[in-house]
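Contents: one structure, followed by commentary.
Computed from the coordinates by the stated procedures, all read-outs in this text should not be read as laboratory data. Note that the coordinates shown come from a computational prediction; the quantities given were computed from them, not determined experimentally. Using ideal geometry, Cβ is built from the backbone for each residue, glycine included, and neighbour counts are taken over all protein chains shown.
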């Protein structure tokens, strides 16, 4: 079943809760890159409203004294489950969050290990 309504859901991003709204067929991409005390770090996420589910593609990249490490993947959540779990972690705020399911598209690259032949 494909929904024609906008999907609204909470994510935890960059230290705070953010509510996203996506219309069917639309995509939202955001991220950041910044220097750290040992190198740099970058993060990007893309959310796509696919009708009956939301797809989330993510990427983390960075380098420090141990070298560069990249990782990423894809997961999804049916629209009906966008508020199916409560995030309570160490934060005072509580918001209903999506229950993401792994889409089997994860990867990780350790550039220093690859250069060393591992």
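Explain nothing, just the number: relative contact order of the range 7-115, from Cα pairs under 8 Å at least 6 residues apart, as a whole percent. Display every interim value, and only then the final one.
On the way: 232 pairs, mean separation 23.1, N = 109.
Computed over the range 7-115, the figure is 21 percent.
Determine, for 86, 11, the number of other Cβ atoms within 10 Å of each Cβ, and report the residues in order from fewest to most.
The order, fewest Cβ neighbours first, is 86, 11.
How much length is gained on full extension from residue 36 to residue 50, taking 0.36 nm per residue of separation minus their Cα-Cα distance?
1.5 nm
Sort 97, 27 so that the residue with the fewest other Cβ atoms within 10 Å of its own Cβ comes first and the one with the most comes last.
27, 97
If you consider only alpha-carbon coordinates, what radius of gyration and Dmax does the chain have, in Å?
16.5, 51
Using Cβ counts within 10 Å as a stand-in for footprinting exposure, how do 13, 107 rank, fewest first?
With the fewest neighbours first, 13, 107 line up as 107, 13.
Between residue 6 and residue 105, what's the calculated FRET efficiency when r is the beta-carbon distance and R0 is 30 Å? Round to 0.05.
Efficiency for this residue pair is about 0.75.
Using 0.36 nm per residue, how much length does the chain from residue 86 to residue 29 gain when fully extended, once their Cα-Cα distance is taken away?
18.1 nm
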